[in-house]
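Take a look at the structure set out below.
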Amino acid sequence: MPDVDRERAWLLTVDGAPQSYVDLDEPTHLEFEYARRLGHVLDILAEPERALDVLHLGGGALTLPRYVAATRPGSRQDVVEADRALLDLVVEHLPLPAAGAGVALHAADARAWLADAPGDSADVLVADVFGGSRVPAHLTSLAYAREAERVLRAGGVYLANLADAAPFAFLRSQLATFAAVFEELALIAEPAVLRGRRFGNAVLVAAHRPVDIAALTRLTAADVFPARVEHGRALRAFIGDARPVRDEDAVPSPEPPDGAFGIG
(Lines give C-alpha, C1' and ligand atoms only; values in the text may rest on other atoms or scores of the structure.)
Protein backbone atom coordinates (compact mmCIF):
# COMPACT_ATOMS: atom_id res chain seq x y z
CA MET A 1 0.00 0.00 0.00
CA PRO A 2 1.43 3.43 -0.93
CA ASP A 3 1.81 6.12 1.73
CA VAL A 4 -0.06 9.19 0.52
CA ASP A 5 2.21 11.46 2.58
CA ARG A 6 5.56 10.24 1.21
CA GLU A 7 6.11 9.94 -2.53
CA ARG A 8 7.89 6.57 -2.71
CA ALA A 9 7.02 5.05 0.63
CA TRP A 10 5.14 1.78 1.03
CA LEU A 11 3.47 -0.23 3.77
CA LEU A 12 3.63 -4.02 3.54
CA THR A 13 0.84 -5.95 5.26
CA VAL A 14 0.70 -9.71 5.76
CA ASP A 15 -2.70 -11.26 6.50
CA GLY A 16 -4.00 -7.78 7.29
CA ALA A 17 -1.30 -6.97 9.87
CA PRO A 18 1.25 -4.20 9.20
CA GLN A 19 4.58 -5.94 8.66
CA SER A 20 7.06 -3.45 7.21
CA TYR A 21 7.36 0.14 6.02
CA VAL A 22 9.89 1.33 3.44
CA ASP A 23 10.70 4.74 1.99
CA LEU A 24 12.72 4.02 -1.15
CA ASP A 25 14.03 7.60 -1.25
CA GLU A 26 14.95 7.72 2.45
CA PRO A 27 16.06 4.26 3.68
CA THR A 28 17.07 5.68 7.08
CA HIS A 29 13.42 6.56 7.82
CA LEU A 30 12.10 3.92 10.23
CA GLU A 31 8.35 4.39 10.58
CA PHE A 32 7.51 1.64 13.07
CA GLU A 33 8.51 2.20 16.69
CA TYR A 34 10.05 -1.27 17.12
CA ALA A 35 12.13 -0.76 13.96
CA ARG A 36 13.46 2.55 15.29
CA ARG A 37 14.48 0.80 18.52
CA LEU A 38 16.32 -1.87 16.57
CA GLY A 39 17.92 0.94 14.57
CA HIS A 40 19.03 2.69 17.75
CA VAL A 41 20.82 -0.46 18.91
CA LEU A 42 22.47 -0.88 15.52
CA ASP A 43 23.64 2.74 15.72
CA ILE A 44 25.43 2.34 19.07
CA LEU A 45 27.08 -1.04 18.53
CA ALA A 46 30.13 0.41 16.79
CA GLU A 47 31.55 3.73 15.72
CA PRO A 48 29.47 5.56 13.06
CA GLU A 49 29.67 4.19 9.50
CA ARG A 50 31.79 1.20 10.48
CA ALA A 51 30.81 -1.75 8.28
CA LEU A 52 29.27 -4.76 10.02
CA ASP A 53 28.40 -8.33 9.07
CA VAL A 54 24.69 -8.63 9.82
CA LEU A 55 22.40 -11.66 9.66
CA HIS A 56 18.68 -10.92 9.46
CA LEU A 57 16.24 -13.73 10.26
CA GLY A 58 13.00 -12.53 8.72
CA GLY A 59 13.02 -10.28 5.67
CA GLY A 60 9.72 -8.45 5.38
CA ALA A 61 10.22 -5.47 3.08
CA LEU A 62 13.97 -5.40 3.89
CA THR A 63 13.60 -2.27 6.00
CA LEU A 64 16.55 -2.85 8.34
CA PRO A 65 18.91 -4.21 5.66
CA ARG A 66 18.29 -0.97 3.72
CA TYR A 67 18.94 1.02 6.91
CA VAL A 68 22.24 -0.74 7.60
CA ALA A 69 23.35 -0.36 3.97
CA ALA A 70 22.69 3.39 4.18
CA THR A 71 24.18 4.03 7.64
CA ARG A 72 27.08 1.56 7.48
CA PRO A 73 28.29 1.41 3.86
CA GLY A 74 30.25 -1.69 2.98
CA SER A 75 28.39 -3.93 5.41
CA ARG A 76 27.78 -7.51 4.37
CA GLN A 77 24.25 -8.70 5.09
CA ASP A 78 22.40 -11.99 4.76
CA VAL A 79 18.59 -11.98 4.88
CA VAL A 80 16.74 -15.25 5.52
CA GLU A 81 13.01 -15.25 4.71
CA ALA A 82 10.91 -18.42 4.67
CA ASP A 83 8.18 -16.97 2.44
CA ARG A 84 9.68 -17.08 -1.05
CA ALA A 85 6.60 -15.49 -2.63
CA LEU A 86 6.85 -12.56 -0.22
CA LEU A 87 10.55 -12.17 -0.96
CA ASP A 88 9.86 -12.17 -4.71
CA LEU A 89 7.08 -9.61 -4.28
CA VAL A 90 9.32 -7.25 -2.31
CA VAL A 91 12.25 -7.56 -4.72
CA GLU A 92 9.95 -6.84 -7.66
CA HIS A 93 8.09 -3.85 -6.24
CA LEU A 94 10.53 -2.47 -3.64
CA PRO A 95 13.93 -3.31 -5.15
CA LEU A 96 17.20 -2.86 -3.32
CA PRO A 97 19.72 -0.40 -4.79
CA ALA A 98 21.16 -1.78 -8.01
CA ALA A 99 24.70 -1.80 -6.68
CA GLY A 100 26.55 -1.54 -3.43
CA ALA A 101 23.85 -2.73 -1.01
CA GLY A 102 25.82 -5.82 0.00
CA VAL A 103 22.62 -7.78 0.77
CA ALA A 104 22.26 -11.48 -0.05
CA LEU A 105 18.73 -12.93 0.06
CA HIS A 106 17.96 -16.52 1.05
CA ALA A 107 14.54 -18.20 0.85
CA ALA A 108 14.78 -20.66 3.74
CA ASP A 109 13.53 -21.48 7.22
CA ALA A 110 15.39 -19.28 9.70
CA ARG A 111 16.45 -22.01 12.13
CA ALA A 112 17.45 -24.46 9.43
CA TRP A 113 19.58 -21.81 7.74
CA LEU A 114 21.11 -20.80 11.07
CA ALA A 115 22.10 -24.40 11.80
CA ASP A 116 24.14 -24.50 8.58
CA ALA A 117 25.68 -21.03 8.98
CA PRO A 118 29.39 -20.85 9.84
CA GLY A 119 30.36 -20.06 13.41
CA ASP A 120 31.80 -16.68 14.40
CA SER A 121 30.52 -15.16 11.16
CA ALA A 122 28.22 -12.30 12.21
CA ASP A 123 28.62 -9.10 14.21
CA VAL A 124 24.86 -8.75 14.65
CA LEU A 125 21.95 -11.17 14.38
CA VAL A 126 18.52 -9.54 14.03
CA ALA A 127 15.54 -11.86 14.56
CA ASP A 128 12.27 -10.38 13.33
CA VAL A 129 10.36 -13.50 12.38
CA PHE A 130 6.60 -13.72 12.60
CA GLY A 131 4.31 -16.42 11.29
CA GLY A 132 1.33 -14.17 10.71
CA SER A 133 1.47 -12.10 13.89
CA ARG A 134 3.24 -14.64 16.16
CA VAL A 135 6.88 -15.56 16.72
CA PRO A 136 7.24 -19.22 15.65
CA ALA A 137 7.85 -21.70 18.47
CA HIS A 138 11.05 -23.16 17.00
CA LEU A 139 12.71 -19.73 17.26
CA THR A 140 12.15 -19.42 21.01
CA SER A 141 14.10 -22.29 22.57
CA LEU A 142 17.42 -22.68 24.35
CA ALA A 143 18.78 -24.77 21.48
CA TYR A 144 17.93 -21.95 19.08
CA ALA A 145 19.58 -19.37 21.36
CA ARG A 146 22.74 -21.48 21.45
CA GLU A 147 22.79 -21.66 17.64
CA ALA A 148 22.48 -17.87 17.49
CA GLU A 149 25.35 -17.50 19.98
CA ARG A 150 27.49 -19.89 17.91
CA VAL A 151 27.06 -17.84 14.75
CA LEU A 152 27.88 -14.54 16.46
CA ARG A 153 31.44 -13.38 16.95
CA ALA A 154 32.79 -12.88 20.45
CA GLY A 155 31.68 -9.24 20.55
CA GLY A 156 28.48 -9.89 18.61
CA VAL A 157 24.99 -8.80 19.58
CA TYR A 158 21.65 -10.60 19.22
CA LEU A 159 18.50 -8.54 18.68
CA ALA A 160 14.93 -9.79 18.55
CA ASN A 161 11.54 -8.23 18.01
CA LEU A 162 9.09 -9.92 20.38
CA ALA A 163 5.48 -9.25 21.36
CA ASP A 164 3.52 -9.99 24.52
CA ALA A 165 1.25 -8.59 27.22
CA ALA A 166 0.82 -9.07 30.97
CA PRO A 167 1.47 -11.40 32.71
CA PHE A 168 4.36 -11.73 30.21
CA ALA A 169 4.78 -15.50 30.35
CA PHE A 170 6.25 -15.56 26.83
CA LEU A 171 8.50 -12.52 27.21
CA ARG A 172 9.83 -13.61 30.62
CA SER A 173 10.59 -17.08 29.27
CA GLN A 174 12.50 -15.56 26.34
CA LEU A 175 14.57 -13.43 28.68
CA ALA A 176 15.31 -16.46 30.85
CA THR A 177 16.29 -18.46 27.76
CA PHE A 178 18.76 -15.88 26.46
CA ALA A 179 20.08 -15.15 29.96
CA ALA A 180 21.18 -18.79 30.06
CA VAL A 181 23.38 -18.21 26.99
CA PHE A 182 24.43 -14.54 27.06
CA GLU A 183 25.97 -12.57 29.92
CA GLU A 184 24.38 -9.20 29.12
CA LEU A 185 20.68 -8.54 28.50
CA ALA A 186 18.54 -5.46 27.91
CA LEU A 187 14.88 -5.00 27.02
CA ILE A 188 13.36 -2.00 25.22
CA ALA A 189 9.61 -1.35 25.32
CA GLU A 190 7.08 1.39 25.90
CA PRO A 191 6.23 1.96 29.58
CA ALA A 192 2.55 1.15 28.93
CA VAL A 193 3.54 -2.28 27.62
CA LEU A 194 5.89 -2.98 30.54
CA ARG A 195 3.19 -1.92 33.01
CA GLY A 196 0.80 -4.43 31.47
CA ARG A 197 -1.64 -1.87 30.11
CA ARG A 198 -1.56 -3.15 26.54
CA PHE A 199 -0.16 -5.72 24.14
CA GLY A 200 2.94 -4.55 22.30
CA ASN A 201 6.42 -5.08 20.95
CA ALA A 202 9.58 -5.44 23.02
CA VAL A 203 13.12 -5.52 21.66
CA LEU A 204 15.49 -8.01 23.28
CA VAL A 205 19.23 -7.23 23.27
CA ALA A 206 21.67 -10.02 24.23
CA ALA A 207 25.47 -10.07 24.14
CA HIS A 208 28.61 -11.21 25.93
CA ARG A 209 29.76 -7.61 26.32
CA PRO A 210 28.15 -4.56 27.90
CA VAL A 211 25.94 -2.45 25.65
CA ASP A 212 25.96 1.34 26.04
CA ILE A 213 22.76 1.53 28.09
CA ALA A 214 23.07 5.27 28.69
CA ALA A 215 23.23 6.06 24.98
CA LEU A 216 20.42 3.64 24.21
CA THR A 217 18.27 5.17 26.94
CA ARG A 218 18.78 8.67 25.52
CA LEU A 219 17.88 7.60 22.00
CA THR A 220 14.76 5.63 22.93
CA ALA A 221 13.53 8.34 25.32
CA ALA A 222 13.71 10.92 22.53
CA ASP A 223 11.38 9.03 20.18
CA VAL A 224 7.86 10.26 19.42
CA PHE A 225 6.65 7.28 21.45
CA PRO A 226 9.34 7.07 24.16
CA ALA A 227 10.52 3.68 25.34
CA ARG A 228 12.20 2.45 28.49
CA VAL A 229 15.38 0.38 28.63
CA GLU A 230 15.39 -2.29 31.33
CA HIS A 231 18.60 -4.05 32.35
CA GLY A 232 20.53 -5.32 35.35
CA ARG A 233 18.66 -5.84 38.63
CA ALA A 234 15.32 -4.54 37.32
CA LEU A 235 15.41 -6.95 34.40
CA ARG A 236 16.33 -9.89 36.64
CA ALA A 237 13.36 -9.01 38.83
CA PHE A 238 11.13 -8.93 35.74
CA ILE A 239 12.32 -12.41 34.72
CA GLY A 240 11.49 -13.73 38.18
CA ASP A 241 11.21 -17.51 38.29
CA ALA A 242 10.82 -17.98 34.52
CA ARG A 243 12.81 -20.88 33.11
CA PRO A 244 14.62 -21.38 29.79
CA VAL A 245 12.48 -22.95 27.08
CA ARG A 246 13.27 -26.44 25.79
CA ASP A 247 12.44 -27.40 22.20
CA GLU A 248 9.78 -29.84 23.37
CA ASP A 249 8.07 -27.15 25.45
CA ALA A 250 8.37 -24.26 23.00
CA VAL A 251 5.21 -22.37 21.99
CA PRO A 252 4.66 -19.39 19.67
CA SER A 253 4.24 -15.89 21.06
CA PRO A 254 0.65 -15.13 22.08
CA GLU A 255 -2.00 -14.18 19.57
CA PRO A 256 -2.40 -10.39 19.56
CA PRO A 257 -5.83 -9.09 20.56
CA ASP A 258 -7.98 -7.70 17.77
CA GLY A 259 -6.73 -4.31 16.67
CA ALA A 260 -3.37 -4.56 18.45
CA PHE A 261 -1.46 -4.04 15.22
CA GLY A 262 -4.12 -2.43 13.07
CA ILE A 263 -3.56 0.12 10.33
CA GLY A 264 -4.36 3.76 10.89
* Stretch gain in nm, segment L235-R50, where the contour uses 0.36 nm per residue and the Cα spacing is subtracted -> 63.6 nm
* Structure fact -> Once normalised by the length of segment 139-264, the mean sequence separation of its alpha carbon contacts under 8 Å that are 6 or more apart gives a contact order in percent of 34 percent
* Send over a whole-number figure in Å² for the accessible area per residue of segment 36-107, probe 1.4 Å. => 42 Å²
* What value does the chain have for Rg/Rh, both radii from Cα atoms and Rh as Kirkwood defines it? -> 0.93
* Determine which residues of segment 67-92 fall in the zone a paramagnetic label at D116 would reach in this model, i.e. backbone nitrogen under 17 Å from the point 7 Å along Cα→Cβ. => 78-84
* **Surface per residue (accessible, 1.4 Å probe) for segment 129-256, Å²** => 44 Å²
* To do: Using a 1.4 angstrom probe on heavy atoms only, work out the carbon and sulfur share of the accessible area of segment 178-235 in %.
  => 53 percent
* Quick one: of the DSSP bridges fully inside the chain, what percent are antiparallel, nearest 5? -> 55 percent
* Structure fact -> Applying the gyration tensor rule to the Cα atoms of segment 142-242 (axes a ≥ b ≥ c; rounded if a/c under 1.5, else prolate if a/b exceeds b/c, else oblate), the class is oblate
* Carbon and sulfur %, accessible surface of segment 103-146 computed with the full protein complex present, 1.4 Å -> 52 percent
* To do: For every helix of n ≥ 4 consecutive DSSP H residues, a contribution of -39,500 (n - 2.57) applies; sum these over the chain, divide by its total residues, and give [θ] at 222 nm rounded to the nearest 500 deg cm²/dmol.
  => -8500 deg cm²/dmol
* To do: Sort the following peptides by mean Cβ neighbour count (other Cβ atoms within 10 Å, averaged over residues), highest first: 208-217, 170-179.
  => 170-179, 208-217
* Asked: What spacing in nm lies between the two simple spin-label points modelled at M1 and R218, each 7 Å away from Cα in the Cβ direction?
  -> 3.7 nm
* With the contact rule set at Cα under 8 Å and sequence spacing of 6 or more, what percent relative contact order holds for the chain? -> 18 percent
* Structure fact -> Sorted largest first, the Cα spans of segment 11-157 on the principal axes come out in Å as 36, 36, 27
* **Expected-Rg normalisation [2.2 N^0.38 Å, Cα atoms] applied to segment 1-84** => 1.10
* Low-density loop cleavage sites - trypsin sites (Lys or Arg not before Pro) in segment 1-37, where at most 12 other Cβ are within 10 Å (DSSP) -> R8
* Enter the Cα centre distance for the pair segment 152-207 and segment 2-55, rounded to the nearest angstrom. => 20 Å
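The values are calculated or read from the model by the stated rules, or taken from the named source; none is laboratory data. Keep in mind that what you see is a predicted model, and the values were worked out from it rather than measured. Because the Cβ atoms are built from the backbone with ideal geometry, glycine has one as well, and the counts that use them run over all protein chains shown. The protein model used for the area step is the full one, side chains on, heavy atoms only, and it has no ligands, DNA or RNA in it. Shrake-Rupley method; radii C 1.70, N 1.55, O 1.52, S 1.80 Å.
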